[in-house]
Amino acid sequence: MHLRFLLRGILLLGVSGWPASPQQEAAPAETLTLERALALALESNRNLQIARLEVRKAEDKLAAARTQRLPGLSLYTLGSQRITALDFRFPQGAFGTFSGIGPVPATDTTIRSPLKPAALVIGQIKQPLSQQYRIGLVLDQLRAERDAAAERERAQRQVVTADVKRVYFGILQLQSALESVEETIRLYREMDRVTGDYVVRQIALRADNLQVKTRLAKAEYDALVLQGPLETQKEQLNQLLGRDLLMAFQVAPVSEARWEETDLAEARRAALQRRPELREAALKLKQAEADRRVKKSEYIPDLSFSFSYFSPVNYGPLVPSNIAGVGLLLEWEPFDWGRKRRELAGKSRAVEQANLALIDAQTQVAIDVGNRFRKLREARQLLVTGRLARETATENLRVATNRYRQQTVLYKDVLEVQAALADANHQYQSALLAYWNARAEFEKALGEE
């Protein structure tokens, strides 16, 4: 009777759960929910910050290009030491012959400038006129470049979101497996204690006790094998969140699966509208077309309104010190040996390449959505199987418990059924996390934020 009471107490402890170990009772530094992890990653992830900086760089480049529409001011200064004389020769009567004074100058006259340091200051203000059309095309090209950078940033945001979910679910899966192994360890330790007592009292064989010790050692080894990957994945999650690798945290369980029917054709249509790589490919096509138009605009002569100013310094008293002029400046290259035509042909081929890349990207997206859709459907079915297996194991434990009370099965059989329930719970948790992983990948394939 005393032994039966002891075994029933052990069984009740096994069913309701053993007391937590000191490590489990210690309060975790932080309970990190999936929503909180995603918010931290979108705020502090370093790769995402790099992508945001690329967008800002593109905006700065566009803002700088807009200034080309405005007048350009240039200033040139040349300082030099003249090594040749600057002579001004005036022949007799160069300025005329006048009554009473005769020719001016009266004789041939040479005015020499001293060989001393001199300077030439040139200033020019040039307002583009015909170039405004080309500048507008360049701005269109840079806007497409900025939008493409924004799409890359959005794609990086989706990658970070998917990576956080994958690592988070991986931590949950490893924790579930570790909890299952620890439950098995507790059962085997108690079984080792009981069978050891039975061997001493010659109720059980020593071989039975050795078998239990072997299973216990194997379970303890399995726990060690799980600890390493668990710590590694926690470090990976901290890295994705942009914080210290050694920051301690505990992940919160995810909710049950939401059953939502999805049509594959509709999913593909949504992905073709929202996937960032498709938008980026379309923007690259737009860039290539704008680049070709920019090259074609080079056939138009450059016409600018110009104001010029010259100021020679130390060039002698006969050289004007200030020279200014206003007019139109025309720059044109009428003959270039076919260079512009060849360059334009290259730009046209770049447009064809971008168009083909867009079509190929659309095909790849359709394939990816179909693959993720089928993976999600498989994960749903696996989750149904896992739920049924868990319900079966729960019922088996109830039946085994009743039979043990009726003394029709051994205590070892009840423990094995309980271990099977723990394994079924772990398999269900793994199936649930696999479903959420598949769902996250499917949402990423759809281009959802």
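Residues to consider are 212, 199, 194; find the one that is touching a residue at least 60 places away in the same chain (Cβ under 8 Å) and either touching a strand residue (DSSP E or B) at 6+ places or on another chain (Cβ under 9 Å) or among the aliphatic types (A, V, I, L, M) (or both).
194
It is to be established whether one or more residues within the range 141-155 are without any contact (Cβ under 8 Å) to a residue 60 or more places away in the chain, out of contact with any strand residue (DSSP E or B) (no Cβ under 9 Å at 6 or more places or on another chain) and surrounded by fewer than 19 Cβ atoms within 10 Å (Cβ to Cβ).
no
List every residue pair whose Cβ atoms sit under 7 Å apart, with the two residues 6 or more apart in sequence or on different chains, where the first one lies in the range 62-91 and is closer than 30 Å to residue 146 by Cβ and in contact (Cβ under 8 Å) with a residue 12 or more places away in the chain and the second, anywhere, is among the polar types (S, T, N, Q) and surrounded by 10 or more Cβ atoms within 10 Å (Cβ to Cβ).
69/132; 71/127; 74/124
Restricting attention to the range 342-356, does a residue exist that is in contact with a helix residue (DSSP H, G or I) (Cβ under 9 Å, 6 or more places away or on another chain), surrounded by 13 or more Cβ atoms within 10 Å (Cβ to Cβ), among the charged types (D, E, K, R) and assigned to a helix (DSSP H, G or I)?
The answer is yes; a qualifying residue exists.
Which members of the range 183-210 meet the condition of being surrounded by fewer than 14 Cβ atoms within 10 Å (Cβ to Cβ) and not in a loop (DSSP other than H, G, I, E, B)? Spell out how you get there, then give the answer.
As a first pass, look at the range 183-210 and keep what is surrounded by fewer than 14 Cβ atoms within 10 Å (Cβ to Cβ): 193, 200-203, 205-207, 210.
Hits for the range 183-210 are 193, 200, 206, 207, 210.
With respect to residue 135, is the statement that it is touching a residue at least 12 places away in the same chain (Cβ under 8 Å), part of a helix (DSSP H, G or I), within 24 Å of residue 252 (Cβ to Cβ) and β-branched (Val, Ile, Thr) true?
Numbers: touching a residue at least 12 places away in the same chain (Cβ under 8 Å): yes; part of a helix (DSSP H, G or I): yes; within 24 Å of residue 252 (Cβ to Cβ): no; β-branched (Val, Ile, Thr): yes.
Answer is no for this residue.
Could you list, in sequence order, the residues of the range 313-341 that are among the charged types (D, E, K, R) and in a loop (DSSP other than H, G, I, E, B)?
Of the range 313-341, the ones among the charged types (D, E, K, R) are 331, 333, 336, 339-341.
Within the range 313-341, 333, 336 qualify.
Report, by residue number, each residue of the range 49-77 that is outside any helix (DSSP H, G or I) and surrounded by 11 or more Cβ atoms within 10 Å (Cβ to Cβ).
Within the range 49-77, 71, 72, 77 qualify.
Quick check: is even one residue across the range 352-371 more than 31 Å from the chain's Cα centre (by Cα) and at negative phi?
no
Quick one: is residue 141 in contact with a helix residue (DSSP H, G or I) (Cβ under 8 Å, 6 or more places away or on another chain) and within 30 Å of residue 312 (Cα to Cα)?
no
Go over the candidates 401, 392 one by one and state the one that is in contact (Cβ under 8 Å) with a residue 24 or more places away in the chain, of a type in the set (S, T, N, Q), surrounded by 14 or more Cβ atoms within 10 Å (Cβ to Cβ) and farther than 30 Å from residue 164 by Cβ.
The match here is 401.
For the range 32-48, which positions are surrounded by 14 or more Cβ atoms within 10 Å (Cβ to Cβ) and assigned to a helix (DSSP H, G or I)?
Passing the criteria: 34, 36, 37, 38, 40, 41, 42, 47, 48.
How many residues are in a loop (DSSP other than H, G, I, E, B), in contact with a Pro (Cβ under 9 Å, 6 or more places away or on another chain) and polar (S, T, N, Q) if we restrict to the range 78-106?
1
Restricting to the range 170-202, and then to whatever is touching a helix residue (DSSP H, G or I) at 6+ places or on another chain (Cβ under 8 Å) and among the β-branched types (Val, Ile, Thr), can you tell me which residue is farthest from residue 34 (Cα to Cα)?
Only one residue tops the list, namely 199.
Does residue 310 fit the bill of being touching a residue at least 60 places away in the same chain (Cβ under 8 Å), part of a strand (DSSP E or B) and surrounded by 13 or more Cβ atoms within 10 Å (Cβ to Cβ)?
The answer is yes for residue 310.
Just to be sure I understand, how many residues within the range 341-387 are under 14 Å from residue 275 (Cα atoms) and without any contact (Cβ under 8 Å) to a residue 12 or more places away in the chain?
Total meeting the criteria: 5.
Do you know which of the residues in the range 88-120 that are among the β-branched types (Val, Ile, Thr) and under 17 Å from residue 315 (Cα atoms) is surrounded by the fewest Cβ atoms within 10 Å (Cβ to Cβ)?
110
So residue 416 fits all but one of (1) assigned to a helix (DSSP H, G or I); (2) within 43 Å of the chain's Cα centre (by Cα); (3) surrounded by fewer than 18 Cβ atoms within 10 Å (Cβ to Cβ); what number is the exception?
Only one criterion in (1) assigned to a helix (DSSP H, G or I); (2) within 43 Å of the chain's Cα centre (by Cα); (3) surrounded by fewer than 18 Cβ atoms within 10 Å (Cβ to Cβ) is unmet by residue 416, namely (2).
Where a number appears in this text, it was derived from the coordinates with a stated rule and is not lab data. It should be emphasised that the depicted structure is a prediction, and the values quoted were computed from it without experimental measurement. For neighbour counting, all protein chains shown are included, and Cβ atoms are generated from backbone atoms with ideal geometry for every residue, glycine included.
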